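Following: one structure in structure tokens, then a few remarks.
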Amino acid sequence: MSEASTLVLVLLGASTGVVGAMLGLGGGVFLVPLLTLALGVPIRGAVAASLVCVIATASASATVNLNRGLVNLRLGLALEVATSIGGLAGGLVAARLSARQLFVIFAATMIVMGLVMMRRSGQRNVIADTTRDPGVLGGRLREGDTLYVYQVRRLGVGLGSSLAAGGISGLLGLGGGIIKVPVLNAFCGVPIRVAAATSTFMIGVTAAASAMIYFSRGDMLLPLTAAVALGALPGSLLGARLSERVEARSLKILMACVLLLVGGRMALEGLWR
Amino acid sequence: MALIRPRTHSGHNDPQLAGPSRLDRVVEIVLSGGLLLSAALLLAGLLSGRAPLLWLGVLVMLLTPVARVVVVTAGLVLRRDWLFAAVSLWILGVLAFSFYVAWHVEAPRTRPAAAAAGAR
């Protein structure tokens, strides 16, 4: 690997880290297509590198988000159980669907979620009345000097989406944040920043479970993975800090754009192959 | 001195919901430590071109979230938050299961491939 291509990979990892940490995505949605289509990396090597990048992003942004009290540990744990079951069951369901069907289903889901996020970008999930009981899974959130309360609604929808996210994470090399964050924000009443921080906190664990399989099989392209991960570390630290300064509305619009973009690409891939 | 603050009644005023708790701090230290060690190994491996350093760096990176789950589980037990401690233990179990599958089911199938990757 030449020095120039190493630098390109570090920068690729860094930009993935910035966007991933801001939106609670691991970054697999950008990294896998970029590595395979633009740089000609074999798919297994690209997925493996992307999983390590997810772990780097998740762990690094958690160090910033924990400090700010943005990670909702209980909600994350509850959703992670669903994700892990989904991960175990995913293979069974996916075996009955063709790659084409999988792509079309997820593309449609993402495009619909993108449109929902766009429409709802002006709405807020937080309640200014701090005497309101957040419930077992809800929480409090500080924005500037103001303390807000949020409650978790429609937990079933959140658990269901986590189950689906777990199912596809290993298959498509995605962390699953791209499904969980919009659902938590649009349907379950979780503020976008908390949804993103909680998602990044948990997807590191999901990714570690899948990444170990690639690692033990020797599918990991070590110098490539190292370069991308070394970029993702400072990138995600920057992204986690940036998300504090960006308005929640802008974060939602950014998320909607990512959903429409990724959904559109998957639809093309599903319909053309 | 208790390492982790005891949980307040039924958890509704749980300090971690409004700001960082001691458990958050411990988790932060574990994550930062794992990442720093991994980054140092990966950087040294890339600069020197030595594959074993890269291999070790990636391994440390993969084990960082595992260490995080272990610490959170212990923290929840110390807080006597039994329900969520059980949930966390389940996640640890899933991780252990997938690591077992990785090294005892998947890896033996691809021994030659793994050896070739090590030499790369």
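The set of residues in the range B:83-98 that are facing chain A (nearest Cβ under 7 Å) and without any contact (Cβ under 8 Å) to a residue 24 or more places away in the chain comprises B:84, B:87, B:88, B:90, B:91, B:94, B:98. Among residues of the range A:75-100 that are under 11 Å from residue A:168 (Cβ atoms) and open to solvent by less than 60 Å² (accessible area, probe 1.4 Å), those with a beta-carbon under 7 Å from a residue that is modelled with pLDDT under 70 and part of a helix (DSSP H, G or I) at least six positions away or on a different chain give the pairs A:87/A:169; A:87/A:170; A:90/A:170; A:90/A:171; A:94/A:171.
For residue B:80, the stated conditions do not hold, so it cannot be described as surrounded by 19 or more Cβ atoms within 10 Å (Cβ to Cβ) and closer than 28 Å to residue A:80 by Cβ.
Against the conditions (1) within 8 Å of another protein chain (Cβ to nearest Cβ); (2) modelled with pLDDT of 95 or more, residue B:41 satisfies every one except (1).
Taken together, the residues in the range A:35-55 that are in contact with an Asp or Glu (Cβ under 7 Å, 6 or more places away or on another chain) and open to solvent by 10 Å² or more (accessible area, probe 1.4 Å) amount to 1.
Of all residues in the range A:37-58, those that are within 12 Å of chain B (Cβ to nearest Cβ) and hydroxyl-bearing (Ser, Thr, Tyr) have Cβ atoms under 9 Å from Cβ atoms of residues that are open to solvent by 10 Å² or more (accessible area, probe 1.4 Å) and part of a helix (DSSP H, G or I), 6 or more apart or on another chain, in A:57/A:233. Please count how many residues of the range B:28-38 are more than 7 Å from chain A (Cβ to nearest Cβ), of a type in the set (Gly, Ala, Ser) and either surrounded by fewer than 16 Cβ atoms within 10 Å (Cβ to Cβ) or more than 18 Å from residue A:237 (Cα to Cα) (or both). Of the residues in that region, 1 qualify. Filtered by the rule that a residue be within 14 Å of another protein chain (Cβ to nearest Cβ), in contact with a Cys (Cβ under 9 Å, 6 or more places away or on another chain) and assigned to a helix (DSSP H, G or I), the range A:5-36 gives A:13, A:17.
Looking across the range A:187-215 at every residue that is over 20 Å from residue A:167 (Cβ atoms) and of a type in the set (Gly, Ala, Ser), the one that is nearest to the other protein chains (Cβ to nearest Cβ) is identified as A:197.
Residue B:49 passes every criterion in (1) open to solvent by less than 30 Å² (accessible area, probe 1.4 Å); (2) among the small types (Gly, Ala, Ser); (3) more than 19 Å from residue A:66 (Cα to Cα) apart from (1). Given the criteria at the interface with chain A (Cβ under 7 Å from one of its Cβ atoms), at pLDDT 90 or above and surrounded by 16 or more Cβ atoms within 10 Å (Cβ to Cβ), does residue B:69 qualify? Yes: the conditions hold for residue B:69. Looking across the range A:56-69, not a single residue is open to solvent by 10 Å² or more (accessible area, probe 1.4 Å) and within 16 Å of the chain's Cα centre (by Cα).
Which residues, counting only those in the range A:216-229, are over 21 Å from the mean Cα position of the chain (by Cα), within 21 Å of residue A:17 (Cα to Cα) and facing chain B (nearest Cβ under 7 Å)?
Within the range A:216-229, the first condition is being over 21 Å from the mean Cα position of the chain (by Cα), and the residues that meet it are A:216-224.
Going one step further and asking which of them are within 21 Å of residue A:17 (Cα to Cα), we end up with A:220-224.
A:220, A:222, A:223, listed by residue number.
In the range A:244-273, the residues that are more than 12 Å from residue A:118 (Cβ to Cβ) form Cβ pairs under 7 Å with partners that are exposed (fewer than 14 other Cβ atoms within 10 Å of the Cβ) and at pLDDT below 85, at six or more places apart or across chains, as follows: A:270/A:100; A:273/A:100.
The values are calculated or read from the model by the stated rules, or taken from the named source; none is laboratory data. These numbers were taken from a predicted model, which means no experiment stands behind them. All Cβ positions, glycine included, derive from the backbone under ideal geometry; neighbour counts span all protein chains shown. We work out accessible area using only protein heavy atoms, side chains counted, and drop any ligands, DNA or RNA first. Shrake-Rupley method; radii C 1.70, N 1.55, O 1.52, S 1.80 Å.
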